[in-house]
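Beneath this line is the structure, given in structure tokens, with notes to follow.
The values are calculated or read from the model by the stated rules, or taken from the named source; none is laboratory data. The structure displayed is predicted, hence computed values, not measured ones. Positions of Cβ are generated from backbone atoms using ideal geometry, with glycine treated the same way; all protein chains shown enter the neighbour counts. These accessible areas exclude ligands, DNA and RNA; they are computed on the full protein's heavy atoms, side chains included. Shrake-Rupley method; radii C 1.70, N 1.55, O 1.52, S 1.80 Å.
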Amino acid sequence: CMSYMFPASYAWGNFSVLALGIWAIVQRDSLDAIMMFLAGLLLTVLTDIIHVSVFYPPSNYLTDTKRFSIGMAIFSLLLKPVSCYLVYRMYRERGGE
């Protein structure tokens with residue numbers, strides 16, 4: 001979000017999932033909160049792949065700030081499957097099937 005390379009939907013999607021994650025942490029007995037957080041994480045994996053592939057700039061327009069922003073977006077995308085696994089384990093601990 002630092003270089004305004006991605007559209008606002010990228011930030012809105014990721015910050016919405018962050019809010020769902022905070023809700024899931026605060027309400028420890030709610031299966032709905034953790035399930036919505038897991039579904040949101042899975043959905044943002046797909047939308048992040050689309051955003052990075054569609055809005056990647058050509059190499060002659062790639063500044064250091066844009067390169068850093070793309071790198072952090074890709075790093076976030078690589079960490080999301082790990083987060084999905086950990087959230088799924090939390091879901092199982094709370095009694096989900």
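Tabulated data for the structure shown
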{"read-out": "Residue selected from the stretch 30-50 under the condition of a type in the set (Ser, Thr, Tyr) and under 10 Å from the mean Cα position of the chain (by Cα), by the criterion surrounded by the fewest Cβ atoms within 10 Å (Cβ to Cβ)", "value": "Thr47"}
{"read-out": "Helices (runs of 4 or more DSSP H) contained entirely in the chain, each with at least 3 residues that are aliphatic (A, V, I, L, M) and touching a residue at least 24 places away in the same chain (Cβ under 8 Å)", "value": "31-55, 64-93"}
{"read-out": "Sole exception among (1) more than 16 Å from Ala11 (Cα to Cα); (2) exposed (fewer than 12 other Cβ atoms within 10 Å of the Cβ); (3) not hydrophobic (A, V, I, L, M, F, W, C) for Gly71, by number", "value": "(1)"}
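Here's the yes/no breakdown for (1) open to solvent by 80 Å² or more (accessible area, probe 1.4 Å); (2) at pLDDT 95 or above; (3) touching a helix residue (DSSP H, G or I) at 6+ places or on another chain (Cβ under 6 Å):
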| position | (1), (2), (3) |
| --- | --- |
| Ala8 | no, no, no |
| Gly13 | no, no, yes |
| Arg28 | yes, no, no |
| Lys66 | no, no, no |
| Val87 | no, no, yes |
| Tyr91 | no, no, yes |
